[in-house]
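Enquirer: Below you'll find the structure I mean.
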Amino acid sequence: MFGLSKNNPKPSLLQKLQQGLQRTRHHFSDLFTGKAIDDDLLEELETQLIMADVGIELSQSIIENLETQINQGKIKDSSQLSEALQQQLVAILDASAKPLLIPKKPRPYVVLMVGINGAGKTTTIGKLANQWQATHSVLLAAGDTFRAAAVEQLQVWGNRLSVPVIAQQTGADSASVIYDAYSSAQAKAIDIVLADTAGRLHTQNNLMAELQKVKRVLSKISPEAPHQTLLVIDGGTGQNALVQAKQFHQDIGLTGIVLTKLDGTAKGGIVFAIAQQLALPIYYIGIGEGVEDLRPFEPQAFVSALFEPAVTE
Amino acid sequence: MFDQLSQRLGKVLKQVRGQARLSEANIKETLKEVKKALLEADVALPVVKKFLEQVRKRAVGREVMESLTPGQVLIKVVQEELVHVMGDENQGLNLATSPPAVILMSGLQGSGKTTTTAKLAHWLQEREKKKVLLVSCDIYRPAAIEQLQTLAEQIQASFFSSQTTDKPVDIAKNAVDFAKKQFIDVVMIDTAGRLHIDQEMMSEIKNIHKAVAPIETLFVVDSMTGQDAVHAAKAFHDSLAFTGVVLTKTDGDARGGAALSVRQVTGQPIKFLGIGEKIDAIEAFHPDRFASRILGMGDIVGLVEEVQRKVDKEKAEKIARKIQKGKGFDLNDFREQLLQISKMGGMAGLMDKMPGMSEIPDAVKNQANDKEVGKLIAMINAMTPQERIFPAIIKGSRKKRIALGSGTQIQDVNKLLKQFKQMQKMVKQVSKKGMGNMLRGMKGRMSQGMPF
């Protein structure tokens, strides 16, 4: 994992992404070539969307939309249908495809990572630190003071990347660790603070209150801090991802989303609903275990991958 | 969890209940709604289709014709079929082998393997009185081995240490050899999270499996998993022929359709549910309860069991004896009861298991929150021993002191005293007329704003 032991990268979404647009056309033509526009084809499309975790409601509305266009005579053949479907899907995501740019000010720039247990927060922090380190000085805050060895996990990343880690012992107050990290970064004129937090289910009010406290404490140093609050979502999550995103957004106010673990067969289709309903930027997707496997979110490529067969049987 | 699905199905089935008769046509309509509900619950589409086909076959024809009300039949068919698909009854761990029994844990990244390993070990120690050895073959994720070691120390289980430079297969083999010499009952092998399409990693775990011949191989899966659950489960099952499934993070509000998907596509039973952050937050999976929960019938059996396990029997008996002797139920006893409620996962934990709770709006549920229970306990704590035995003496200035001492308002103290009086009345009824009357009495009082 993390490029430690494996030298031969397996075919992953990384390659799919590199091939980008070209592949998009290919997949869509696979699906549509030689097919008449009929109920079977539309049902197959709906099936594909549902199987990609797009969700039943949104999938149906997308298909209904296509049907309307067909009835109005705007779509006459399968290639037009393919075009219209792509357009519709990409349009939903387009507004959310923004790069995460670190502005020149303020310093330190605080990025708070939140999410449910096992979403991939710490790993994403490692990957982000690796990227940002090229242009900025970075400091990590071991805000997960709950899970066994979470502090150690972040420290391993710190050592690996030669990035300082501010930590206290397990069981310490998360807000105070992150506050310390912020003050320390101020004193050392460090550009970016990446703050880890313990995984928590969005239904646990007390743990959500703890995150509110982290934000409150940070805002005492600077009213704008944290400057980014990123929700990390496991790409394999089903419809609950929308519930998670809504609840985290309502409780602590998110500024963006990172979608992880897209190197498997999960499609992450729930981001359509998230993009539509929350209009939050989707900054990154995680597509592998290597430290470099964190990519900007590209709607075209994402939509393309949606229609790839999940298993080569 | 499963609450939203319960709500959804509750709504759907109510429509059916309202209909005088179930015709072929409105079965079709209702099944469509059930389909939608199941898909929203993240049950994989192929699994949904198969399930609905089974339900349709059973609903149409004989069983509908013979029924008293068509709605009952459909509820019954859907429920029965859900139970059936999920495996009919609970299946525990199979440890019947010459020791040590080896349990191999497998799953995707972040599904909760390490936490589940420790929870299961704790469960085996506490419930089955087994001597457990934990070992981690996760040489990849930073500090994964330390994580398991910390948890092992926490539950006082033996831990077989390993290094990130060791080979996972060797770690597993050595741990089992060590366990044999140490007369360990169960060896639990934690492994690195891996993707089912990662051939190299899949062959690694296959080799571990081959080397240690586990009697149980458990597939750990996040209950929030979407449609992809079928692919991952199938691939893991093809490689490892796992013997059981652990469904994690079920204390969230995900609808948990992955349970159905995994079960159906692999045929392997779901054996445990992860239900919280704490080390004892794991419970046996019961398909019938699970289905009842989905259908909004509440998990009565689960509640009873949990009450039995957690409630301090001795204390309960002490109160019972006291009441039988004719001595009154006082605020000390009330306090004990409140403490036991918070032990059982608080009001929220209790309410989740009660039938019909899914139809109560969340806003109402939140009113009966655990803060209230804490408040009540704090107020009783602020009372003198005399006040606790003779609450009648609590008047103006005492109320003021108690409110101050517990950080509450005088109104809160009044409310507590009123609730306590009702409680006392009920207890008197029990000692006079027995349990049946108490339940009847409770029914009337529940609506008057009792906190429980």
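The values are calculated or read from the model by the stated rules, or taken from the named source; none is laboratory data. The structure displayed is predicted, hence computed values, not measured ones. A quick note on method: Cβ atoms are made from the backbone with ideal geometry, for glycine too, and the neighbour counts reach across all protein chains shown. Side chains are part of the model used for accessible areas, which takes the heavy atoms of the whole protein and leaves out ligands, DNA and RNA. Shrake-Rupley method; radii C 1.70, N 1.55, O 1.52, S 1.80 Å.
Enquirer: Inside the range B:98-155, can you point out the residues that are free of Cβ contacts under 8 Å to residues at least 60 places away in the same chain and more than 14 Å from every other protein chain (Cβ to nearest Cβ)?
Expert: Step one: filter the range B:98-155 for residues free of Cβ contacts under 8 Å to residues at least 60 places away in the same chain, giving B:98, B:125, B:127-136, B:138-150, B:152-153.
Of everything in the range B:98-155, those that are free of Cβ contacts under 8 Å to residues at least 60 places away in the same chain and more than 14 Å from every other protein chain (Cβ to nearest Cβ) turn out to be B:SER98, B:GLN125, B:ARG127, B:GLU128, B:LYS129, B:LYS130, B:LYS131, B:VAL132, B:LEU133, B:VAL135.
Enquirer: Pairs please, first residue from the range B:77-89 and on the phi > 0 side of the Ramachandran plot, second anywhere and among the β-branched types (Val, Ile, Thr), Cβ atoms under 7 Å, 6+ apart in sequence or on different chains.
Expert: B:GLY87/B:ILE270
Enquirer: Specify which of the listed residues (A:HIS249, A:HIS202) is touching a residue at least 40 places away in the same chain (Cβ under 8 Å), within 30 Å of A:LEU49 (Cβ to Cβ), buried (at least 19 other Cβ atoms within 10 Å of the Cβ) and assigned by TED's automatic domain parsing to the domain that holds A:GLY158. First the steps, then the outcome.
Expert: Details: A:HIS249 fails: touching a residue at least 40 places away in the same chain (Cβ under 8 Å).
On inspection, the qualifying residue turns out to be A:HIS202.
Enquirer: In the range A:49-71, which residue that is within 14 Å of chain B (Cβ to nearest Cβ) and acidic (Asp, Glu) is least open to solvent (accessible area, probe 1.4 Å)?
Expert: Only one residue fits best here, namely A:ASP53.
Enquirer: Further question on the same structure: Going by the conditions given, is A:ARG200 modelled with pLDDT under 95, within 26 Å of A:GLN247 (Cβ to Cβ) and within 9 Å of chain B (Cβ to nearest Cβ)? Steps first, answer last, please.
Expert: On the way: modelled with pLDDT under 95: no; within 26 Å of A:GLN247 (Cβ to Cβ): yes; within 9 Å of chain B (Cβ to nearest Cβ): yes.
No: the conditions fail for A:ARG200.
Enquirer: Does the range A:207-236 hold any residues that are open to solvent by less than 10 Å² (accessible area, probe 1.4 Å) and hydrophobic (A, V, I, L, M, F, W, C), and which are they?
Expert: Of everything in the range A:207-236, those that are open to solvent by less than 10 Å² (accessible area, probe 1.4 Å) and hydrophobic (A, V, I, L, M, F, W, C) turn out to be A:MET208, A:LEU211, A:VAL214, A:LEU218, A:ALA225, A:LEU230, A:LEU231, A:VAL232, A:ILE233.
Enquirer: Determine if the range A:94-103 includes at least one residue that is away from chain B (no Cβ under 14 Å), within 23 Å of the chain's Cα centre (by Cα) and among the charged types (D, E, K, R).
Expert: The answer is yes, given that some residue of the range A:94-103 is away from chain B (no Cβ under 14 Å), within 23 Å of the chain's Cα centre (by Cα) and among the charged types (D, E, K, R).
Enquirer: If the requirement is being out of contact with any strand residue (DSSP E or B) (no Cβ under 9 Å at 6 or more places or on another chain), assigned by TED's automatic domain parsing to the domain that holds B:MET201 and either within 16 Å of B:VAL220 (Cβ to Cβ) or of a type in the set (A, V, I, L, M, F, W, C) (or both), which of these qualifies: B:ILE171, B:ILE145, B:ILE155, B:ILE139?
Expert: Being out of contact with any strand residue (DSSP E or B) (no Cβ under 9 Å at 6 or more places or on another chain), assigned by TED's automatic domain parsing to the domain that holds B:MET201 and either within 16 Å of B:VAL220 (Cβ to Cβ) or of a type in the set (A, V, I, L, M, F, W, C) (or both) holds for just one of B:ILE171, B:ILE145, B:ILE155, B:ILE139, which is B:ILE139.
Enquirer: Search the range B:30-45 for residues that are more than 8 Å from chain A (Cβ to nearest Cβ) and pair each with any residue that is open to solvent by 10 Å² or more (accessible area, probe 1.4 Å) and among the polar types (S, T, N, Q) when their beta-carbon atoms are under 9 Å apart and the residues are at least 6 apart or on different chains.
Expert: The qualifying pairs are B:THR30/B:GLN15; B:THR30/B:GLN19; B:GLU33/B:GLN15; B:VAL43/B:GLN264.
Enquirer: Looking at the range A:72-120 only, could you name the residues that are touching a strand residue (DSSP E or B) at 6+ places or on another chain (Cβ under 6 Å), open to solvent by 10 Å² or more (accessible area, probe 1.4 Å) and not small (Gly, Ala, Ser)?
Expert: Answer for the range A:72-120, where residues must be touching a strand residue (DSSP E or B) at 6+ places or on another chain (Cβ under 6 Å), open to solvent by 10 Å² or more (accessible area, probe 1.4 Å) and not small (Gly, Ala, Ser): A:PRO99, A:LEU100, A:ILE102, A:TYR109.
Enquirer: Next question. Quick check: anything in the range A:251-268 over 17 Å from A:THR123 (Cα atoms), modelled with pLDDT under 95 and of a type in the set (A, V, I, L, M)?
Expert: yes
Enquirer: Mind checking which residues of the range A:143-160 are touching a strand residue (DSSP E or B) at 6+ places or on another chain (Cβ under 9 Å) and more than 11 Å from chain B (Cβ to nearest Cβ)?
Expert: Hit for the range A:143-160 is A:GLY143, nothing else.
Enquirer: For the list (1) open to solvent by 20 Å² or more (accessible area, probe 1.4 Å); (2) farther than 23 Å from B:ALA241 by Cα; (3) assigned to a helix (DSSP H, G or I), I need the number of the one condition that B:THR165 fails.
Expert: Against the list (1) open to solvent by 20 Å² or more (accessible area, probe 1.4 Å); (2) farther than 23 Å from B:ALA241 by Cα; (3) assigned to a helix (DSSP H, G or I), B:THR165 comes up short only on (3).
Enquirer: If I ask for residues that are within 7 Å of chain A (Cβ to nearest Cβ) and either under 25 Å from the mean Cα position of the chain (by Cα) or part of a loop (DSSP other than H, G, I, E, B) (or both), which ones from the range B:197-231 would you list?
Expert: If the condition is that a residue be within 7 Å of chain A (Cβ to nearest Cβ) and either under 25 Å from the mean Cα position of the chain (by Cα) or part of a loop (DSSP other than H, G, I, E, B) (or both), then B:ILE197, B:ASP198, B:ASP222, B:MET224, B:THR225, B:GLY226, B:GLN227, B:ASP228 are the ones that fit.
Enquirer: OK, next. Note down all Cβ pairs under 9 Å where the first residue falls in the range B:384-396 and is in the same structural domain as B:ASP330 (by TED's automatic domain parsing), the second is open to solvent by 50 Å² or more (accessible area, probe 1.4 Å) and of a type in the set (Lys, Arg), and they're at least six residues apart or on different chains.
Expert: B:THR384/B:ARG398; B:GLU387/B:ARG398; B:ARG388/B:ARG335; B:PRO391/B:LYS421
Enquirer: If you don't mind, another one. Quick one: in the range A:234-266, of everything that is facing chain B (nearest Cβ under 8 Å) and of a type in the set (A, V, I, L, M, F, W, C), which residue is farthest from A:TYR109 (Cα to Cα)?
Expert: Checked the range A:234-266; the qualifying residue farthest from A:TYR109 (Cα to Cα) is A:ALA266.
Enquirer: Name every residue in the range B:238-260 that is within 13 Å of chain A (Cβ to nearest Cβ), in a helix (DSSP H, G or I) and touching a Phe, Trp or Tyr at 6+ places or on another chain (Cβ under 9 Å), in order of residue number.
Expert: B:ALA259, B:LEU260
Enquirer: Can you name the residue in the range B:135-188 that is acidic (Asp, Glu) and within 22 Å of A:VAL151 (Cα to Cα) and, of all such residues, is nearest to the chain's Cα centre (by Cα)?
Expert: Going residue by residue through the range B:135-188, those that are acidic (Asp, Glu) are B:138, B:146, B:153, B:166, B:170, B:177, B:185.
From what's left, within 22 Å of A:VAL151 (Cα to Cα): B:138, B:146, B:153.
Values: B:ASP138: 28, B:GLU146: 28, B:GLU153: 25 Å.
Applying the filter and picking the extreme gives B:GLU153.
Enquirer: Here's something else I'd like to know. Filter the range B:175-192 down to the residues that are surrounded by fewer than 21 Cβ atoms within 10 Å (Cβ to Cβ) and among the charged types (D, E, K, R), then identify the one that is farthest from B:LEU104 (Cα to Cα).
Expert: It comes out as B:LYS181.
Enquirer: If we only count helices (runs of 4 or more DSSP H) wholly inside the range B:1-86, which ones have 1 or more residues that are at pLDDT 75 or above and open to solvent by 30 Å² or more (accessible area, probe 1.4 Å)?
Expert: Details: elements: B:3-18, B:24-40, B:45-59, B:62-65, B:70-85.
The qualifying helices (runs of 4 or more DSSP H) are B:24-40, B:45-59, B:70-85.
Enquirer: Does B:THR191 satisfy the condition of being more than 9 Å from chain A (Cβ to nearest Cβ) and within 28 Å of A:THR170 (Cα to Cα)?
Expert: It is true that B:THR191 is more than 9 Å from chain A (Cβ to nearest Cβ) and within 28 Å of A:THR170 (Cα to Cα).
Enquirer: When you check B:GLU277 against the structure, is it surrounded by fewer than 22 Cβ atoms within 10 Å (Cβ to Cβ), at pLDDT below 95, within 30 Å of A:GLY171 (Cβ to Cβ) and within 14 Å of chain A (Cβ to nearest Cβ), yes or no?
Expert: yes
Per-residue answers, yes or no, for (1) small (Gly, Ala, Ser); (2) open to solvent by less than 10 Å² (accessible area, probe 1.4 Å):
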{"site": "B:GLU89", "(1), (2)": "no, no"}
{"site": "B:LEU95", "(1), (2)": "no, no"}
{"site": "B:GLY107", "(1), (2)": "yes, yes"}
{"site": "B:LEU124", "(1), (2)": "no, yes"}
{"site": "B:LYS130", "(1), (2)": "no, no"}
{"site": "B:LEU133", "(1), (2)": "no, yes"}
{"site": "B:ARG141", "(1), (2)": "no, no"}
{"site": "B:GLU153", "(1), (2)": "no, no"}
{"site": "B:PHE160", "(1), (2)": "no, no"}
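Enquirer: Quick test for you: out of B:VAL373, B:VAL430, B:VAL364, pick the one residue that is in contact with a Ser or Thr (Cβ under 7 Å, 6 or more places away or on another chain) and either at pLDDT below 85 or outside any helix (DSSP H, G or I) (or both).
Expert: After applying the criteria, what remains is B:VAL373.
Enquirer: Under 9 Å between Cβ atoms, at least 6 apart or on separate chains: pull out the pairs that start in the range A:39-56 with a residue that is in the same structural domain as A:GLY268 (by TED's automatic domain parsing) and end on any residue that is open to solvent by 10 Å² or more (accessible area, probe 1.4 Å) and part of a loop (DSSP other than H, G, I, E, B).
Expert: none
Enquirer: For residues that are part of a loop (DSSP other than H, G, I, E, B) and within 13 Å of chain A (Cβ to nearest Cβ), tally how many sit in the range B:261-273.
Expert: Of the residues in the range B:261-273, 0 are part of a loop (DSSP other than H, G, I, E, B) and within 13 Å of chain A (Cβ to nearest Cβ).
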